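Since the structure comes first, as structure tokens, the remarks are kept for the end.
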Amino acid sequence: MRRWGYPRSSEAETGGGPSVLGIVLAGGEGKRLMPLTADRAKPAVTFGGTYRLVDFVLSNLVNGDILRICVLTQYKSHSLDRHITTTWRMSSLLGNYVTPVPAQQRLGPRWYLGSADAILQSLNLIYDERPEYVAVFGADHVYRMDPRQMLAQHIESGAGVTVAGIRVPRTESSSFGVITPGSDGSTVERFLEKPADPPGLPDDPDSVLASMGNYIFTTKALIEALQRDADDANSVHDMGGSILPQLTERGEAHLYDFGDNHVPGETSRDQGYWRDVGTLDAYYEAHMDLIAERPAFNLYNRSWPVYTHSNQLSPARFNAGGIAGESIISAGCLIRGQVTRSVLSPGVVVDPGAVVQGSVLHDNVHIGRGAVVRGAVLDKNVEVPPGATIGVNPERDAELYTVSKGGVIALGKGQRVP
């Protein structure tokens, strides 16, 4: 393959501070989140009523002064591309941007073989920008993080890559890349991709350090690691499965403990909150985290806002005895029935006598008169006819709809309800 050099940024070019390019990996299929990903990429899935999943990582990067960001897309990317281009408009006068980058096939007529190959095929972005550091972040997690704190540790350590880690129960290790820290607590001794039975932490045998999918690379180290990986015929060309183990073996990988990260306006309850919402159960549970009186994740932190596009809609309206409790009700909703412990996106209509309990309703869902919806996720434009039930008869629900292991009922975009 063609051999590339790596950029050398001068102090004049970077304004005296470190120059950082953000790369957001948003090309996954999201199969485990079906049917919500049947017609869109996972990062474009609605979350919290008005946001898209990609808004959380982009807000963290922008709030953290990383203002030049490329979002690598691939599968079913139209709604994601549209959201980014209409919402994330930065100051071109200052040279800042957030731009979607589709699969370019720059190395031949093939799609991305993995997340590492996605960056390899997009190296022109790095050569054009000439950053000293590259922040490679995932696109489908819900959290707040100040990347500047991670960057400062990375620069001080002199590492080739710094990976953000968070403590999770050892029983969940098969869903994550697992980091074994060295005796100094900083270097990465081992990096295991989704191991079935990894060792626990010395101070907590029932926990492991899971990779959050957030990495900061020194540009030289990233380019050289991608070139070595491209030459390895046995590689899966994945950031967690290939690049991190490679740099770990070379002693170039360091750990950043997410528990040490703090953002302005955080509460004692939501500090350190991070959720991988890659399954229906995780997606549903993360929504339930939003609606408590003291929410596990606080959407109302104005000191570290989550940005998104807001349509010009009238305020939510309650008529005909309509009530809502412990819920998030977005603009444009019309509530004439009863809503409890639920999250409603813009334009949802709940007719008189209808009951919505413990559910997540996306844009323009219509719940007919006397209908009952419990423990469900309904994608946009679903219409529940008068008197229909969802979440009342488990056997019937299993025949008609997608039902997760945890019992969450999911209907895809515009799916017909008998």
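Against the test of being in a strand (DSSP E or B) and not aromatic (Phe, Trp, Tyr), the options 254, 237 yield a single qualifying residue, 254.
For the structure I just gave you, tell me whether residue 320 is part of a strand (DSSP E or B), open to solvent by 40 Å² or more (accessible area, probe 1.4 Å) and either among the basic types (Lys, Arg) or free of Cβ contacts under 8 Å to residues at least 40 places away in the same chain (or both). The answer is no for residue 320. A single entry from 351, 379, 363 fulfils the requirement of being touching a residue at least 40 places away in the same chain (Cβ under 8 Å) and open to solvent by 10 Å² or more (accessible area, probe 1.4 Å): 363. Among the residues of the stretch 51-65, those identified as farther than 22 Å from residue 346 by Cβ and open to solvent by 10 Å² or more (accessible area, probe 1.4 Å) are 62, 63, 65. Of the helices (runs of 4 or more DSSP H) contained entirely in the stretch 99-203, those carrying at least 3 residues that are in contact (Cβ under 8 Å) with a residue 60 or more places away in the chain and buried (at least 20 other Cβ atoms within 10 Å of the Cβ) fall at 115-120, 147-157. Listed conditions (1) of a type outside the set (A, V, I, L, M); (2) in a loop (DSSP other than H, G, I, E, B); (3) open to solvent by less than 20 Å² (accessible area, probe 1.4 Å) are all met by residue 264, apart from (3). In the stretch 290-311, the condition of being in a helix (DSSP H, G or I) and within 17 Å of residue 137 (Cβ to Cβ) is met by no residue.
The set of residues in the stretch 267-286 that are open to solvent by 10 Å² or more (accessible area, probe 1.4 Å) and of a type in the set (Val, Ile, Thr) comprises 267, 279. Every test in (1) among the small types (Gly, Ala, Ser); (2) under 17 Å from residue 20 (Cβ atoms); (3) free of Cβ contacts under 8 Å to residues at least 60 places away in the same chain is passed by residue 64 save one, and that test is (3). Among the conditions (1) over 19 Å from residue 397 (Cβ atoms); (2) outside any loop (DSSP other than H, G, I, E, B); (3) not acidic (Asp, Glu), residue 356 misses just one, which is (1). Would you confirm whether or not the stretch 126-134 contains a residue that is among the aromatic types (Phe, Trp, Tyr) and within 22 Å of residue 286 (Cα to Cα)? There is no residue in the stretch 126-134 that is among the aromatic types (Phe, Trp, Tyr) and within 22 Å of residue 286 (Cα to Cα).
Just one of the listed residues (310, 314) is over 25 Å from residue 281 (Cβ atoms), touching a residue at least 60 places away in the same chain (Cβ under 8 Å) and open to solvent by 20 Å² or more (accessible area, probe 1.4 Å), and it is 310. Residue count for the stretch 24-50 under the criterion of being part of a strand (DSSP E or B) and open to solvent by 30 Å² or more (accessible area, probe 1.4 Å): the result is 1.
Looking across the stretch 100-143, the residues that are under 29 Å from residue 47 (Cβ atoms), polar (S, T, N, Q) and over 17 Å from the mean Cα position of the chain (by Cα) come down to 104, 121, 122.
The values are calculated or read from the model by the stated rules, or taken from the named source; none is laboratory data. None of these values were measured; they are calculated from a predicted model. In this analysis, Cβ positions are derived from the backbone assuming ideal geometry, glycine residues included, and neighbour counts consider all displayed protein chains. Quick note on the areas: whole protein, heavy atoms, side chains included, nothing else; ligands and nucleic acids left out. Shrake-Rupley method; radii C 1.70, N 1.55, O 1.52, S 1.80 Å.
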